[in-house]
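K.L.:
Here it is, the structure, as structure tokens.
The values are calculated or read from the model by the stated rules, or taken from the named source; none is laboratory data. Computed from a predicted model, the values in this text were never measured in an experiment. Glycine also receives a Cβ, built like all others from the backbone with ideal geometry; neighbour counts cover every protein chain displayed. Quick note on the areas: whole protein, heavy atoms, side chains included, nothing else; ligands and nucleic acids left out. Shrake-Rupley method; radii C 1.70, N 1.55, O 1.52, S 1.80 Å.
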Amino acid sequence: MQKKVTKAVFPVAGLGTRFLPATKSIPKEIMTLVDRPLIQYAIDEARAAGIREFIFVTSRGKSALEDYFDHNPELETALKSKGKTELLAELQHTNMDSGAIAYVRQNSPRGLGHAVWCARRMIGDEPFAVLLPDDVIAAEKPCLAQMVEAYVETGGNMVAAMEVPEDKASSYGVLDIGETMGRVVRAKGMVEKPAKGTAPSNLAVIGRYILTPEVLKHLDKAEVGTGGEIQLTDAIAKETAKNQVFGLRFEGERYDCGSKSGFLQATVAFGLKRPDLRDELHEFLTSLDLSK
């Protein structure tokens, strides 16, 4: 029987340069889709998958991110006194219990692998999840919950995977596919951002992982990979020699909210799913003259 996955790492140390000037004063992860920040979507997904300990790898200037999960007694009291019970419940849902959330600093931008390595002492000798808030996934069953179910059967390391056009594969980590077992594939290897025309498949890794402590041992070596950074993909790939890496073709729609285009697409898609916004937003969209 596999150990339960109860810890999750959230790498949130990035500068968010693609969203300047907005990210000059606020963390990118606090930017909102409709009325919830990106990080809240990631936290809700983790909670739904049974995560109980939340580890944030942050950097300088992220204090607003930390404050977001703290209690705000004055605001709660004001909402309560005005009888705004539904809004109060929404607010309280964002609170994190004392001791459930921890923060560790990444002092220099050395890549995703380095960010995860920074959390090693909090992870210990347990399997753990990694969630990248930039990847927002709309799914009937949350993506990480799908992965946890599959992990119970496979063990090892698991990544969320989706098919991408061949000309886009060079922007992702890509799986070299071995055995296929329904929606789960066994990986023979992984390549980070392969040169165009050299990708072993079009099955790309996106920002959800379930990893074993062995991956941290590979990261201990601080080997530099693509882009001069310590790549998480490289450390996971070393585990393929033991047939211990699996990809899950998850069910759901992924939005790349690390890009302006993806963020706008997600905003429209999530807005159209809201009963209180759908009709007015749909009317506005259909009224647009895209020929201009």
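K.L.:
As a test of understanding, state the convex hull volume per residue of the chain from its alpha carbons, in Å³.
P.N.:
It is 164 Å³ per residue.
K.L.:
State to the nearest 20 debye the size of the charge dipole of the chain about its Cα centre, where the only charges are +1 on K and R beta carbons and -1 on D and E beta carbons.
P.N.:
The calculated dipole for the chain is roughly 640 debye.
K.L.:
Can you pull the one-decimal nm distance between simple spin-label points at L277 and L87, each 7 Å off the Cα toward Cβ?
P.N.:
Inter-label distance under the simple model: 1.7 nm.
K.L.:
Let me ask you something else. What is the spread of the Cα atoms of region 205-292 along each of their three principal axes, largest first, in whole Å?
P.N.:
Taking max minus min along each principal axis of the Cα atoms, region 205-292 gives 55, 27, 20 Å.
K.L.:
While we're here: Between E126 and K260, how many nm apart are label points set 7 Å from Cα along the C-beta direction?
P.N.:
About 4.2 nm, to one decimal.
K.L.:
Using bins 5 angstrom wide from zero, how does P(r) for region 1-141 break down, in % of all Cα pairs?
P.N.:
That works out to 2, 9, 17, 21, 20, 15, 9, 4, 2, 1, 0, in percent per bin.
K.L.:
Go through region 87-103 residue by residue and turn each phi into a ³J(HN,Hα) via Karplus (6.51, -1.76, 1.60, θ = phi - 60°); whole Hz please, and just put x for glycine and proline.
P.N.:
Values, residue by residue: 5, 5, 5, 4, 5, 5, 5, 7, 6, 10, 5, 4, x, 7, 10, 9, 10 Hz.
K.L.:
Which of these, S201, S63, S81, has the largest mean-square fluctuation under a Gaussian network model of the chain (Cα springs below 10 Å)?
P.N.:
Sorting by GNM fluctuation, first place goes to S81.
K.L.:
Okay, next question. Along the charge dipole of region 164-252, which of G173, F246, V215 sits closest to the positive end, that is, farthest toward it, with unit charges on the beta carbon of Lys, Arg, Asp and Glu (+1, +1, -1, -1)?
P.N.:
Value: F246.
K.L.:
Probe of 1.4 angstrom, ligands and nucleic acids ignored: what's the accessible area per residue over region 134-236, in square angstrom?
P.N.:
Result: 43 Å² per residue.
K.L.:
Shifting gears a bit: Angle, helix 260-272 long axis vs. longest principal axis of the chain, Cα atoms, 0 to 90°, nearest 10?
P.N.:
Once rounded, one gets 60 degrees.
K.L.:
When the solvent-accessible surface of protein heavy atoms is calculated with a 1.4 angstrom probe, in what order do R18, R186 fall, highest first?
P.N.:
The most accessible residue leads, giving R18, R186.
K.L.:
At 25 °C and 0.890 mPa s, grab the translational diffusion coefficient of region 55-131 from Stokes-Einstein with a Kirkwood Rh over Cα pairs, rounded to a whole number in µm² per second.
P.N.:
166 µm²/s
K.L.:
Amide H to amide H under 5 Å from G189: which residues, 5+ apart in sequence or cross-chain, H placed 1.01 Å off N in plane?
P.N.:
Amide H neighbours of G189, under 5 Å, 5+ apart: D176.
K.L.:
Gain in length, D35 to A269, computed as 0.36 nm per residue apart minus the alpha-carbon separation, to one decimal in nm?
P.N.:
82.9 nm
K.L.:
Using only the alpha carbons, work out the radius of gyration and Dmax of region 168-216 in angstrom.
P.N.:
In order Rg, Dmax, the Cα atoms of region 168-216 give 11.5, 33 Å.
K.L.:
What is the diffusion coefficient of region 122-223 in µm²/s, taking the Kirkwood radius over Cα pairs and the Stokes-Einstein relation at 4 °C with a viscosity of 1.567 mPa s?
P.N.:
Rounded to a whole number, D works out at 88 µm²/s.
K.L.:
While we're looking at this one, here's another question. Would you count, across region 133-292, every pair of lysines whose alpha carbons are under 27 angstrom apart, provided the pair is eight or more residues apart or spans two chains?
P.N.:
26
K.L.:
Suppose each label sits 7 Å from its Cα in the direction of the beta carbon; what would the K3-E74 distance come out to in nanometres?
P.N.:
That separation, rounded to one decimal, is 4.3 nm.
K.L.:
How much of the DSSP bridge set in the chain is antiparallel, in percent, rounded to the nearest 5?
P.N.:
The antiparallel proportion sits near 60 percent.
K.L.:
Using the Karplus curve 6.51 cos²θ - 1.76 cosθ + 1.60 with θ = phi - 60°, work out ³J(HN,Hα) for each residue of region 59-75 in order, rounded to whole Hz, and write x for Gly and Pro.
P.N.:
Karplus-based 3J(HN,Hα) across region 59-75 equals 8, 4, x, 9, 4, 5, 5, 5, 5, 4, 8, 7, 6, 10, x, 5, 5 Hz.
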